[in-house]
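Comments concern the structure below.
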Amino acid sequence: MYALAYIAWSLPATDGYLVSYFRANGFLTVEVHDVASLTAIDDLERAKREAEKARHPVITRSRPVQVAHLTDALEPGTHPAPRLEMCRDAEVLLLGDGPPGAEAAASVYAWRVHEGEVEVFPQEWFNNTLDLGYQWITGVTRDPVSGHILGHGIRLDPFELDASNTRIKRSL
């Protein structure tokens, strides 16, 4: 069995694998699980409580076949990152915190998983003028036609970022 206890996201994976990521302890953690190795969980409610206490939202009795960590406060620009061959897509967009000391309270991480690099785009519009903790970004994707990043959130209008990937071009 495989479950997500609280805030975590699933990534597009190749056949036979489950890939998920979550934010905890200053890192974006990505775990890859082999579906064939998953076994039953006897008490899911207890497993959920243990996962929340451990701040580890992926519930499974199997060990991941790969774990990758990205610092959740990288500066803007391109940085080395682990390769993740089990991801089906060449680019995965992750949500992280803003860089330390910056006004941006969130960043989009464009992780080119087969190349082993990540590009960080601080969200300059997502700052202390918002009610942080009451409003937040929940998901982003790249528009295949324009190449712009599209996003949505809690108590936020859906949005399209401009060519810099750091400011809102328009609300959708």
**Message:** At a 10 Å Cβ-Cβ cut-off, how would you order Phe126, Phe159, fewest neighbours first?
**Reply:** Phe159, Phe126
**Fill in**
Helix 44-54: inclination vs the chain longest Cα principal axis, degrees, rounded to 10, gives 50 degrees
**Message:** Please list, short to long, the whole-number percent of alpha-carbon pairs of region 39-135 in consecutive 5 angstrom bins beginning at zero.
**Reply:** 3, 12, 17, 15, 15, 16, 14, 7, 2, 0
**Translational D in µm²/s for region 3-171 (Stokes-Einstein at 25 °C, 0.890 mPa s, Kirkwood Rh from C-alpha pairs)** = 145 µm²/s
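Laboratory data are not the source of any read-out in this text; all were calculated from the coordinates shown. Just so you know, these numbers come straight off a predicted model, no measurement behind them. Here Cβ is always computed from backbone atoms with ideal geometry, including for glycine, and neighbour counts include all displayed protein chains.
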